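The structure appears below as structure tokens.
The values are calculated or read from the model by the stated rules, or taken from the named source; none is laboratory data. Keep in mind it's a predicted model, so treat the numbers as computed, not measured. Positions of Cβ are generated from backbone atoms using ideal geometry, with glycine treated the same way; all protein chains shown enter the neighbour counts. The accessibility values were calculated without ligands, DNA or RNA, using every heavy atom of the protein model including side chains. Shrake-Rupley method; radii C 1.70, N 1.55, O 1.52, S 1.80 Å.
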Amino acid sequence: MSINIPYDVRLTNLSKKYDQNVAVDHINLDIKPGTYCCLLGPSGCGKSSTLRMIAGHEEVSSGEIYIQAQNVTHIPPSKRNTAMMFQEYALFPHKTVLDNVAFGLKMRGMRKKQRHQEAEAMLDKMGLADYLTRYPAQLSGGQRQRVALARALVTKPAVLLLDEPLSALDRFVRLQMRGELKRIQQELGLTFIHVTHSQEEALALADLIVVMNEGHIEQVGSAQNVYNQAATPFVASFIGDHNILHGRVIAQDAGLLTLVSTSGTQQQQYQLHGQAEVGSSVSFMIRADHIVWQPEESDTTESSRSNRFEGRVTVVEFAGFLVRIFVTDDETGQSILAYVPHKQFATKPIHHNQVITLHWQITDAVQLYQ
Amino acid sequence: MTPDQLDDHANAPSVTHTWRTRSLLHAARPYLLASPFVLILTLFLILPVMAIVVISFWRYSSFVMTPDFVWDNYKIVFSETYLRTFLNTFRYALIVWCLTLVIAFPISYFLAFEIRSNRMRTALFLLCTVPFLTSNLIRNIAWIPFLGRHGLLNSGLLAIGLITEPIEIFLYSDVSIILSMVHIYTLFMVAPIFNTMVRIDHNLIEAARDLGASQWRILREVIMPLSSTGVMIGTIFVVSMVLGDFATVSIMGGGQRASAGLAIRKMIASLQYPTAAAMAVVLLIVTLLFVSVLMSFVDVKKEL
């Protein structure tokens with residue numbers, strides 16, 4: 001049935017207001033069947049409200065929600081063909097693992113024997129066959145998460161909604177469970193909508209990332225797309241690892257913009273490919289790993305195709321296989337984050353307060369839109 | 001510090017001495033801290049209870065008690081009259097327990113789940129405790145002008161023509177006793193149930209709803225099992241208080257009704273101390289048995 005419908009979940013002009021505060025502001029979104037979708041954003045951006053509205057646990061202020069072509073805006077959660085996995089899992093502490101998983105089937109009026117059979121089969125799939133009679137308090141974090149997943153999946157929903165499912169786990173288990181979520185999603189071919197504030201999680205898991213900020217959607221795209229081609233300064237800064245620079249366009253030649261930095265007394269010129277009127281202000285981003293530091297300033301042809309940034313090193317941080325350095329231009333106050341491969345750093349160390357020149361290719365600068 | 005200096009210290013007798021005293025004090029600390037309470041409990045609970053047990057085996061004639069070991073007092077306690085009294089007391093306990101539970105559960109539910117703001121919830125709960133600003137006796141007596149033959153209730157009913165003659169059983173009857181007991185003891189049921197209910201994670205309710213549970217099923221499957229410890233603790237409070245109650249039965253029963261507590265009081269008034277002691281021992285054992293059975297279902301530590 002889902003084959004004929006181009007989406008599993010469609011939100012049209014969806015809004016949520018709490019008294020005077022707008023939590024979600026007229027968002028539109030289509031999620032294709034079988035997509036792992038991450039709603040990504042800082043706390044208070046409206047991602048949880050959006051998820052809870054899709055689940056039916058939050059009243060919609062205006063707009064509509066469709067799940068597999070059915071308008072579900074005003075129908076109760078259990079009739080939406082969705083299942084929700086709660087933050088901290090919300091397992092029933094007084095019920096065994098088996099009864100927790102069988103709960104949804106029990107509510108649908110299934111006989112005890114059959115519902116226990118189905119719950120057992122689901123738990124078996126999750127590798128929890130030995131824990132049927134345990135209580136949630138007797139399980140580890142990862143096991144609890146699997147029980148919650150089994151409980152949500154046992155009713156065979158079309159869409160699984162996950163509210164910060166990994167945040168209660170420690171780092172090691174989190175990575176493990178992250179892989180497991182993705183594997184289960186691909187095995188079942190279901191649509192997952194996963195709310196998270198961790199860009200790392202979203203980049204690792206999502207087919208579709210929806211970056212939200214202050215109740216609206218900043219960007220919708222694949223992980224690669226969101227990372228490499230951030231649409232707005234917010235996305236670029238939220239994804240991290242990105243430098244954001246601003247300037248005024250002084251020349252425009254066949255898509256090649258020449259900018260002059262507007263801050264401070266010192267003037268700094270940059271070039272990038274983009275679309276803007278002469279005289280307008282433009283923001284752009286450069287990935288921290290695209291910024292290079294060459295100890296020997298020699299190749300002039302290289303530097304003619306690249307932008308330069310000279311400044312004083314203010315932070316040197318060891319970060320495993322690379323070294324994170326901040327270079328600040330004392331005249332303008334502008335800082336740039338660069339990743340130096342550890343190998344290079346080992347042979348040519350960079351010192352605090354050293355004045356160095358950084359480069360990046362014109363093609364690596366990505367124009368941002370407000 | 002060099003090894004030589006260390007040796008010097010170890011050999012100095014005074015240093016060793018203070019160190020030893022200190023470690024002794026340290027070990028005794030918890031006992032010392034507990035001792036005032038132990039003393040109070042021993043003086044005012046354990047010794048009196050032991051005295052009661054001892055006296056319950058004594059002989060007595062009209063004005064004299066003689067130390068002895070006889071079962072006569074227990075024979076009186078287990079006579080038909082007093083067994084009836086016990087039975088009546090259990091009946092009060094059962095009825096009051098049922099009514100307080102039926103009243104307290106919805107109140108707690110309302111406070112815990114319907115009231116969204118924490119401040120409002122606390123305010124309403126405090127409101128429930130307002131009657132406790134007056135003493136039990138006064139609250140009992142306050143019912144009399146309301147329930148009496150010419151009381152507010154009867155005159156009201158007469159005025160609107162529902163009855164033609166005052167109804168007698170409103171006061172000095174089981175009705176007034178139970179009414180008053182429910183009035184006094186409901187809060188002891190509300191407080192523990194409310195306490196367990198507010199700690200139920202609201203996500204559990206949402207999860208149940210997400211899985212298709214109706215409001216009734218949520219109550220049955222989630223809220224009731226998770227507040228059962230509160231019900232147990234409330235039951236212990238209410239039942240043990242009703243079993244020992246004599247003031248309410250005395251005032252609201254108008255001397256017409258009997259309970260174990262009241263019987264003990266009457267025996268004391270007529271100087272039958274050993275029988276009163278025997279009755280008290282039996283009541284104590286019954287209450288302890290009941291409490292210990294209920295306690296076996298509750299993890300009290302978890303509730304505190």
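Taking the Cα centre of segment B:73-303 as reference, the dipole from Cβ charges on Lys and Arg (+1) and Asp and Glu (-1) amounts to some 300 debye.
Segment B:153-189 to segment A:197-258: how many Å between their Cα centroids? Result: 74 Å between the Cα centres. Seen from A:Asp241, the other residues with C-beta closer than 10 Å to its C-beta sum to a net charge of +1, counting Lys and Arg as +1 and Asp and Glu as -1. The residues of segment B:200-244 occluded by other protein chains by 30 Å² or more of accessible area, set against the chain on its own, are B:Asn203, B:Leu204, B:Glu206, B:Ala207, B:Arg209, B:Asp210, B:Leu211, B:Gly212, B:Arg217, B:Glu221, B:Leu226; surface from heavy atoms, 1.4 Å probe. Quick one: angle between helix A:171-188 and the longest Cα principal axis of chain A, in degrees between 0 and 90, rounded to 10, please. On a 0 to 90 degree scale, this one is about 60.
Helix A:112-125 versus the longest principal axis of chain A: what angle, 0 to 90°, nearest 10, using Cα atoms? With rounding to tens, the tilt is 30 degrees. Ignoring any ligand, DNA or RNA, what whole percent of the accessible area of the protein assembly as shown comes from carbon and sulfur when the probe is 1.4 angstrom? The C+S portion of the solvent-accessible surface of the protein assembly as shown is 59 percent.
Compared with the dominant Cα axis of chain A, that is its longest principal axis, helix A:97-107 is turned about 70°. Counting, for every residue in A:92-103, the Cβ atoms of other protein chains within 10 Å of its Cβ and taking the mean gives 3.
Over all projection directions, the Cα-based convex hull of chain A averages an area of 23.4 nm².
Structure shown: which of A:Lys32/A:Lys156; A:Lys16/A:Lys47; A:Lys156/A:Lys182; A:Lys79/A:Lys182 lie over 21 Å apart, alpha-carbon to alpha-carbon? The pairs that break the limit, which is 21 Å between Cα atoms, are A:Lys79/A:Lys182. Between chain B and chain A, roughly 1600 Å² of accessible surface gets buried, counting both sides and using a 1.4 Å probe. Note on segment B:73-303: dipole from Cβ charges, positive end direction compared against B:Val282, B:Pro131, B:Val182; the farthest Cα belongs to B:Val282. Remark: segment A:59-108 carries 38 Å² of accessible area per residue (probe radius 1.4 Å; ligands, DNA and RNA excluded).
Based on the alpha-carbon set only, what is the convex hull volume of segment A:177-258 divided per residue, in Å³? Don't jump to the answer; show the numbers that get you there.
Working: hull volume 10.1 nm³, N = 82.
Convex hull volume per residue, Cα atoms: 123 Å³.
In order along segment A:153-165, the phi-based Karplus estimate (6.51 cos²θ - 1.76 cosθ + 1.60, θ = phi - 60°) of 3J(HN,Hα) comes to 8, 5, 8, 6, x, 7, 10, 9, 10, 10, 9, 6, x Hz; Gly and Pro are listed as x. The charge dipole of the protein assembly as shown, taken about its Cα centre with unit charges on the Cβ atoms of Lys, Arg (+1), Asp and Glu (-1) only, comes to about 2960 debye.
Taking chain B as a Gaussian network, Cα atoms linked when under 10 Å apart, which of B:Thr186, B:Thr235, B:Thr21 shows the biggest mean-square fluctuation? Answer for the Gaussian network model of chain B: B:Thr21. The tail of the calculated P(r) for segment B:73-303, taken as Cα-Cα distances beyond 27 Å, holds 47 percent of the pairs.
Here's the picture: charge each Lys and Arg Cβ at +1 and each Asp and Glu Cβ at -1 in segment A:68-204, and of A:Leu153, A:His197, A:Ser140 the one pushed furthest to the positive end of that dipole is A:Leu153.
Where does the charge balance sit around B:Phe246 when Lys and Arg score +1, Asp and Glu -1, over other residues with C-beta under 15 Å from its C-beta?
Residues near B:Phe246 contribute +2 overall.
Taking Cβ atoms as reference points and 9 Å as the exclusive limit, the residues near A:Met212 contribute a net charge of -1, counting Lys and Arg as +1 and Asp and Glu as -1.
Surface analysis of segment B:73-303 yields an accessible area of 50 Å² per residue, using protein heavy atoms and a 1.4 Å probe.
Here the spin labels are modelled as points 7 Å beyond Cα on the Cα-Cβ line, and at B:Ile95 and A:Gln269 they lie 10.1 nm apart. Packing order of peptides B:192-204, B:154-166, A:170-182, highest average first: B:192-204, A:170-182, B:154-166 (average count of other Cβ atoms within 10 Å over each peptide's residues).
Hydrophobic long helices, here whole DSSP H runs in chain B with Kyte-Doolittle means of at least 0.0 and Cα atoms spread over 15 Å or more along the helix axis, are found at B:13-41, B:80-109, B:118-129, B:136-147, B:174-198, B:228-244, B:273-295. Distance from the Cα centroid of segment A:98-161 to that of segment A:341-370 is 51 Å (rounded to whole angstrom).
Peptide packing for A:41-53, A:119-131 was compared via the average number of neighbouring C-beta atoms within 10 Å per residue; ordered from the highest value, the list is A:41-53, A:119-131.
Listed by chain and number, the aspartates and glutamates placed with their C-alpha closer than 18 angstrom to that of A:Lys113 are A:Asp99, A:Asp124; residues fewer than eight positions away on the same chain are left out.
For the protein assembly as shown, the share of alpha carbon pairs falling in successive 20 Å distance bins from zero is 13, 29, 26, 21, 9, 2, 0 percent. Across segment B:180-258, the volume of the C-alpha convex hull divided among the residues equals 91 Å³ per residue.
With both labels modelled 7 Å from their Cα along Cα-to-Cβ, the B:Leu152 to A:Arg134 distance reads 5.9 nm.
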